[in-house]
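The values are calculated or read from the model by the stated rules, or taken from the named source; none is laboratory data. Since this is a predicted model, take the numbers as computed values, not measurements. The accessibility values were calculated without ligands, DNA or RNA, using every heavy atom of the protein model including side chains. Shrake-Rupley method; radii C 1.70, N 1.55, O 1.52, S 1.80 Å.
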Amino acid sequence: MFASPTLFVLPPDRLGCDTPIHWSLGEVDSRFPLSQKEFQKTAFEAEQIWEKALGKDILVFDNSAPFQLKTVFDDRQKMTYENQKLDKTIEEYEAMSESAKRQYDSLQAQYKKLKSEYDTLAQEFKKDLNNYEKEVTKWNKSGGAPDNVYEDLAKEKEDLEKRAAKLNNMSEEINELVEKINSLAQNVNSQTSDINQQIETFREKYGEPKAFIQGLYDPMANDITIFQFQDQNDLRLVIAHEFGHALGIQEHVSDPTALMHFLMDQQDILHPKLSQDDIAAYSKACPERFFSASEKLKRYLVFTPWEEMHPADIIKFFK
């Protein structure tokens, strides 16, 4: 049986270092917020983050590749949906609360102004009414007031009646303001109680906030599984992070803004790129190869097409 000469036995290429890793996309569960097409587009973008920074193709999409990017829908994504819904409810509550506070402050200002005006007018009215009643009593005891005094008292009575009517209207307006203030306070208290109950229900169901795995690279299963993401930008970071593990980066880096940090919260989610720590981690996983003259000759003979070979090139390896 024919055996290849030792000359042409080359060290194996390192996937992700010397040759690209071929990957395929499994079925994307329809309960996730992105379609199959959108998911694949996002994965391409995650791939480009690495290739743009490193200047070479290290990941290649291939429908037939056994290494697969797939999804699993479980409580993590369910919790994300409920958390997003709760966040929206809290945001609406805060907007309502802020609006209610402005309205409450405005009503309180109106109330204080009107109540102060009412108290001043009521005090003056009470004083003038008391003087009027004393004057009437005095003239009644004297057998009646002269015509000119009687006319003055009649005018004063008419004025007091108008002032009393005005005070009565102001009192009703004050009471309406008090009712509005109390109703507004009750409404805010009711919605505050409701939002607190929703938060408590969420905590009872899922526990206190904690870190959890959004994606997982499994070298034994030869796949990447995505469990949770909030939106397309978040997914891009998660896939790019797991691609990093697939490229051979086993340990997380310390820089919190790095793609390969253990926590996804300080990265530039809109314009993600590799940090120096990410590049250093890749270089450690894929150290540069230094070939001997004989290894270089082997690679030349194996990888160079026959028609492109030149004797002068071969002679170089023996110098």
Problem set entry | Most mobile listed residue (111, 217, 150) in the chain, GNM with C-alpha springs under 10 Å | 150
For this session: Once you've got the Cα coordinates, tell me which of 113/162; 56/284; 126/166; 127/157 are over 19 Å apart.
Result: 113/162
Seminar exercise, completed: Full extension between residue 112 and residue 92 adds, at 0.36 nm per residue less the Cα distance, a length in nm of 4.2 nm
Seminar exercise, completed: In a Gaussian network model of the chain with springs linking alpha carbons closer than 10 Å, the residue among 174, 224, 195 that fluctuates most is 174
Exercise. Of (i) -0.65; (ii) -0.39; (iii) -0.52, which one was derived for log10 I(q)/I(0) by the Debye sum over Cα atoms at q = 0.08 Å⁻¹ from the structure shown?
Worked result: (i)
For this session: In a Gaussian network model over the chain where Cα atoms closer than 10 Å are linked, find which of 41, 138, 85 has the largest mean-square fluctuation.
Result: 138
Exercise. Near the amide H of residue 22, under 5 Å away, which other amide H atoms are found, from residues 5 or more places off or on another chain, if H is placed in the peptide plane?
Worked result: 60
For this session: Could you look at the chain and say what percent of its accessible area is carbon and sulfur, using a 1.4 Å probe and all protein chains?
Result: 52 percent
Problem set entry | Solvent exposure of region 156-203 as accessible area per residue, Å², 1.4 Å probe | 68 Å²
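Considering only protein heavy atoms, what per residue accessible area in square angstrom results for region 220-316 with a 1.4 angstrom probe?
Normalised by residue count, the accessible surface of region 220-316 is 57 Å².
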Seminar exercise, completed: DSSP beta bridges in the chain: the antiparallel percent, rounded to 5, is 25 percent
Exercise. Can you run phi through the Karplus equation (6.51, -1.76, 1.60; θ = phi - 60°) for region 62-69 and list ³J(HN,Hα) in whole Hz, with x for Gly and Pro?
Worked result: 8, 4, 9, 5, x, 6, 10, 9
